[in-house]
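Have a look at the structure below before the remarks.
Where a number appears in this text, it was derived from the coordinates with a stated rule and is not lab data. This is a predicted model, so every value here is computed, not measured. In this analysis, Cβ positions are derived from the backbone assuming ideal geometry, glycine residues included, and neighbour counts consider all displayed protein chains.
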Amino acid sequence: EVQLVESGGGLIQPGGSLRLSCAASGLAVSNNYMSWIRQAPGKGLEWVSIMYAGENTFYADSVRGRFTISRDDSKNILYLQMNTLRAEDTAVYYCARLEVATTMGFDYWGQGTLVTVSS
Amino acid sequence: QSALTQPASVSGSPGQSISISCTGTSSDVASYNLVSWYQQYPGKAPKLVIYEVSERPSGVSNRFSGSKSDNTASLTISGLQAEDEADYYCCSYAGGHYVFGLGTKVTVL
């Protein structure tokens, strides 16, 4: 059974930094395309970042230069390093697997971790 | 990277069919047959219900169907049921990136 468990969220002041983790079981992050997707309170989904095979990465314009996606293959964990946080980064952050063999859709999602940027 | 355009809300009576549109641009929806749809209940993670415009994952009801014309994709739910009341989001590949729609709240009257 595949499980994705996010952690690391919390209350942080504007301008601060936070690192989110997504611990995977049932799949290897090194062999999968993994993404971060966020949802501001009461708002819609917003794609944030993706790490493709070979560690090729892409970012949404809203976070490029401030956020960095990475992974630790030995621990099977996906990370999102978030720097220079702004109030508009407040959201539940989900990690998700992009399934590429058949669906090309985000088929496994974690439960999310809440990041609140406020003074 | 602008969000895809969806109606804020759509409603229908049990048994009816409803459709949700998802309008993008030449950089996303129009250029790739990689549109997916997600169903989300309050407080829950999204669930994939349609991929590659019109394909259903295993286990998803055949009441869900998808289509695309030019820069607009659509999700149709036929034989509407109470359990279909949820938020629905489209998503398109956009050349390395992905973009989601703003979301549509489906209400079963």
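Cβ under 14 Å from A:Glu88's Cβ, A:Glu88 left aside: what net charge do those residues give with Lys, Arg +1 and Asp, Glu -1? Please report the intermediate quantities before stating the final value.
Values: positive: A:Arg38, A:Lys43, A:Arg66, A:Arg86; negative: A:Glu46, A:Asp61, A:Asp89.
Local net charge: +1.
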| Options A:Leu85, B:Gln16, B:Val99, ranked by Cα towards positive dipole end of the protein assembly as shown, top entry (Cβ charges) | A:Leu85
| message | With the crude spin-label approximation of a point 7 Å out along Cα→Cβ, what separation in nm comes out for B:Ala8 versus B:Ala30? | response | 2.7
| Whose amide H sits under 5 Å from the amide H of B:Ile50, counting only residues 5 or more places off or on another chain, with H placed in the peptide plane? | B:Trp37
| note | quick shape note, chain B: Cα extents on principal axes in Å, largest first -> 38, 25, 25
| request: Fewest Cβ neighbours within 10 Å first, please rank A:Met104, A:Met82 accordingly. | output: A:Met104, A:Met82
| Can you list residues whose amide H is under 5 Å from B:Ser11's amide H, if they're 5+ apart or on another chain and H is modeled 1.01 Å from N? | B:Thr107
| query | How much net charge surrounds A:Gly112 when only the other residues with a Cβ under 12 Å from the Cβ of A:Gly112 are counted, with Lys and Arg +1 and Asp and Glu -1? | reply | +1
| Extreme residue, positive dipole direction of segment A:1-103, given options A:Leu20, A:Thr103, A:Tyr33 (C-beta unit charges) | A:Leu20
| message | Explain nothing, just the number: dipole magnitude of segment A:1-111 about its Cα centre with +1 on each Lys and Arg Cβ and -1 on each Asp and Glu Cβ, in debye rounded to the nearest 20. | response | 280
| Normalised contact order of chain B, rounded percent, pairs of Cα under 8 Å and 6 or more residues apart | 38
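Return the ratio Rg/(2.2 N^0.38 Å) for segment A:18-119, where Rg is computed over Cα atoms only.
1.03
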| request: Let me know the shape class of the protein assembly as shown, please: from the alpha-carbon gyration tensor, a ≥ b ≥ c as square roots of the eigenvalues, rounded when a/c is under 1.5, otherwise prolate if a/b is greater than b/c, or oblate. | output: prolate
| If we count every other residue with Cβ under 13 angstrom of B:Pro14's Cβ, Lys/Arg +1 and Asp/Glu -1, where does the sum land? | -2
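Among the trypsin sites (Lys or Arg not before Pro) in segment A:1-103, which ones are in a DSSP loop with at most 15 other Cβ atoms within 10 Å of the Cβ? Mind listing them?
Answer in residue order: A:Lys43, A:Arg64, A:Arg66, A:Lys75, A:Arg86.
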| message | Sort B:Tyr38, A:Tyr94 by Cβ crowding within 10 Å, fewest neighbours at the top. | response | A:Tyr94, B:Tyr38
| task | Could you pull out every residue, at least 5 positions away or on a different chain, whose amide H is within less than 5 Å of the one on A:Gly105? Hs are placed 1.01 Å off N in the peptide plane, and Pro or chain starts have none. | result | A:Glu99
| field | Cβ-placed point charges (K, R +1; D, E -1), dipole of segment B:38-109 about Cα centre in debye, nearest 20 | value | 80
| In order through segment B:29-44: 3J(HN,Hα) via Karplus (6.51 cos²θ - 1.76 cosθ + 1.60), integer Hz, x for Gly, Pro | 3, 5, 9, 9, 8, 10, 9, 10, 10, 10, 9, 9, 8, x, x, 10
| remark: Assertion target for A:Asp61, B:Asp87, ordered by fewest C-beta neighbours within 10 angstrom first, is A:Asp61, B:Asp87
| Table column - 3J(HN,Hα) (Hz), segment A:64-74, Karplus curve with 6.51, -1.76, 1.60, x for Gly and Pro | 4, x, 10, 10, 9, 9, 7, 8, 10, 5, 5
| query | Which ³J(HN,Hα) values in Hz, rounded to whole numbers, follow from the phi angles of segment A:8-17 under the Karplus curve 6.51 cos²θ - 1.76 cosθ + 1.60, where θ = phi - 60° and Gly and Pro get x? | reply | x, x, x, 8, 9, 6, x, x, x, 10
| request: For B:Lys47, list the aspartates and glutamates whose Cα falls under 20 Å from its own Cα; do not include residues on the same chain fewer than 8 positions away. | output: A:Glu1, A:Glu6, A:Glu46, A:Glu99, A:Asp107, B:Glu55, B:Glu83, B:Asp84, B:Glu85, B:Asp87
